[in-house]
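Following: one structure in structure tokens, then a few remarks.
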Amino acid sequence: MNTTLKIDITVKDICEGFVYNELEGKGLFGLSGKLTIQPEYQRNYIYASDGGKKEIAVIESLLKGYPIGLIYFNKVSENNLEVLDGQQRITSVGRFVTDKFAIKDENGMEQYFSGMAKDKKTKILEAKLLIYECEGTESEIKEWFRTINIVGVPLNNQELLNAVYSGPFVTLGKEEFSNSQNSNIQKWSAYVSGSANRQDFLERALEWVSKGNIGDYMSSHRFDKNITELKKYFSSVIDWVSSVFIDVESEMRRLEWGRLYETYHKKSYNPKNVSEEVHKLYGDPYVKNRKGIFEFILGGSTDTKLLEVRVFDDATKKSVYKEQTTEAEKKKESNCPLCALGHDANKEKIWSLNDMDADHVTAWSKGGATSAKNCQMLCKTHNRAKGNR
Ligand SMILES: [Zn+2]
């Protein structure tokens, strides 16, 4: 792979013929049409999010004469360059000189490029960028792209995979799942966290259909001209969740719905009863892990481990231990009530606090509270034996 350092290209050159596509959220072209700013394997423009702090910082750097970092171009042919790294910075500059956003001046007033003083405009337009032009085979470029350390917002896993397996399948996948204009996004957002721009929906869809082997799946479908299976599977999961659980709770956005779908979608549920149970468990102060509520119900409401039911605190354990032990010493029997019932050597054994564990007299699942009244101390062996009733 050959690289050439260019030091004379100015902001003005780059912004010549700059086009920004509002619908796709992408900077498209520059350098009088020679430069493709966001090729298909690049992520969407994200510097405008979070109130535009990042794109404003790029412009302020230029005004102060600070460098905005190395930029890499891939020389595709004599008259054709693609931005490999730096597309966010270039899009920020292009958007600014075409009046897509404003910065604040010394007096805190909003200022668009077209309304700026001439010397400031010149300072921005004549700023020189440090650009490496690279020439190499597709696989060389992509391998290198995978390993460079990108300044600013690093590419996340899915963005890297999109670059590595770029092709018709990724393009179609992004059209469906990475397009913030897709009207389904609101529905999906109830069950999947993240954003279209950062590829979170595409990543979940791929993860579910591939049972977690995203890379393999993308590799074997790389040149497919349709995403039918991907779309179908994703909607089956979403439709299933939304028909079993008629309520939407925020905890639902981080669950492994793909796995839960595979495990439980053949069982039938009564959505009305499910809803009542969800509400009951949400209102139960002893349920520590609300995320576990959904799988608990899907599995038939038996695996209380999923809920991490609150345990007795140390003060409660100590006071119950003291009371139980005093009583036991009077009666000359073990302070573990179950040992006391037995006929072996432990019948009269007084256990130390460290050798005992707290137990719900009436199990939590049968309505027992986690309070001193419902607490008894058992020796470790007996407590374990009682286990998860
Ligand atoms: Zn015991």
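Numbers for the structure displayed
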item: Some residue of region 130-143 being within 17 Å of ALA57 (Cβ to Cβ), assigned to a strand (DSSP E or B) and either in contact with a Phe, Trp or Tyr (Cβ under 9 Å, 6 or more places away or on another chain) or among the acidic types (Asp, Glu) (or both); result: no
item: In region 187-244, residue farthest from the chain's Cα centre (by Cα) [restricted to those that are crowded, with 18+ Cβ neighbours inside 10 Å and among the small types (Gly, Ala, Ser)]; result: SER210
item: Counted residues, region 211-227 - those being in a helix (DSSP H, G or I) and touching a residue at least 40 places away in the same chain (Cβ under 8 Å); result: 5
item: Counted residues, region 99-129 - those being more than 33 Å from the chain's Cα centre (by Cα) and within 15 Å of CYS15 (Cα to Cα); result: 11
item: Test: residue in region 80-95 that is part of a loop (DSSP other than H, G, I, E, B) and farther than 19 Å from THR10 by Cβ; result: no
item: Residues located in region 317-371, provided they are within 13 Å of the ligand (Cβ to nearest atom), modelled with pLDDT under 90 and outside any helix (DSSP H, G or I); result: GLY342, HIS343, ASP344
item: Condition check for LEU31: touching a Lys or Arg at 6+ places or on another chain (Cβ under 9 Å), closer than 22 Å to ALA127 by Cβ and buried (at least 19 other Cβ atoms within 10 Å of the Cβ); result: no
item: Matching residues, region 372-389, being near the ligand (Cβ under 10 Å from one of its atoms), surrounded by fewer than 17 Cβ atoms within 10 Å (Cβ to Cβ) and among the hydrophobic types (A, V, I, L, M, F, W, C); result: ALA385
item: Subset of region 20-42 (residues that are modelled with pLDDT under 85 and assigned to a strand (DSSP E or B)); result: TYR20, ASN21, LYS26, GLY27, LEU28, PHE29
item: Condition met for PHE101 (in a loop (DSSP other than H, G, I, E, B), without any contact (Cβ under 8 Å) to a residue 60 or more places away in the chain, of a type in the set (Phe, Trp, Tyr) and surrounded by 17 or more Cβ atoms within 10 Å (Cβ to Cβ)); result: yes
item: Residue within region 305-316 that is over 30 Å from GLU256 (Cα atoms), surrounded by 14 or more Cβ atoms within 10 Å (Cβ to Cβ) and within 16 Å of the ligand (Cβ to nearest atom) present; result: no
item: Residues that are assigned to a helix (DSSP H, G or I) and surrounded by 12 or more Cβ atoms within 10 Å (Cβ to Cβ), drawn from region 43-59; result: GLY52, LYS54, GLU55, ILE56, ALA57, VAL58, ILE59
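The values are calculated or read from the model by the stated rules, or taken from the named source; none is laboratory data. Values in this document were obtained by computation on a predicted structure and should not be read as measured data. Cβ: placed from backbone, ideal geometry, glycine included. Neighbour counts: every protein chain shown.
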